[in-house]
């Protein structure tokens, strides 16, 4: 199982593209953990925004959807989730999971962005670190610009994968873009 962490004001489509790409290439199940948006109360995003994140993950085929419901300074015995969050969970179950008009896994990738093998750049912003230690290099800006273009073009229908001979692409995607190609 592979999990993406949603929160911290990251790009939802990119986080899902990375986790689905990894799961697809390795034939694994995947899911999302929805975590803090803020470093102080209320910590979690609004119930409406979390509902949308859960809906997107569900429609993309997430097998697991988890909400990280903890902070050290909690005052509520029910964690950091509010009544609105619990009501949202009930609505999600009734309006999405039990609704035959909402199709689980209906959103499929039309394209893949292939990153360099073992390239551990965080992709959170153009100046992000590589393997948490080194600053961006000559590849970072090119990957940033190409990923922004493809995320805008494909949204949730883009997977982001790594070039790895152990996990070949083998015609899994209609459109394949490599990190070093120009558009």
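The values are calculated or read from the model by the stated rules, or taken from the named source; none is laboratory data. In this text the structure is predicted, and so the values were computed from the model without any measurement. Ideal geometry is used to build each Cβ from the backbone, glycine not excepted, and the neighbour counts take in all protein chains shown.
For this structure, a couple of remarks:
- Qualifying position, being under 20 Å from residue 115 (Cβ atoms) and crowded, with 21+ Cβ neighbours inside 10 Å, among 23, 62, 57: 23
- Condition met for residue 104 (closer than 19 Å to residue 56 by Cα, assigned to a loop (DSSP other than H, G, I, E, B), in contact with a helix residue (DSSP H, G or I) (Cβ under 9 Å, 6 or more places away or on another chain) and at pLDDT 95 or above): yes
- Lone qualifier among 115, 89, 146 - being assigned by TED's automatic domain parsing to the domain that holds residue 37 and either touching a residue at least 24 places away in the same chain (Cβ under 8 Å) or surrounded by 15 or more Cβ atoms within 10 Å (Cβ to Cβ) (or both): 89
- When we screen 74, 54, 81 for residues that are in contact (Cβ under 8 Å) with a residue 12 or more places away in the chain and more than 19 Å from residue 18 (Cβ to Cβ), the only hit is 81.
- Enumeration of residues in the range 13-36 that are part of a loop (DSSP other than H, G, I, E, B), out of contact with any helix residue (DSSP H, G or I) (no Cβ under 8 Å at 6 or more places or on another chain) and touching a residue at least 24 places away in the same chain (Cβ under 8 Å): 35, 36
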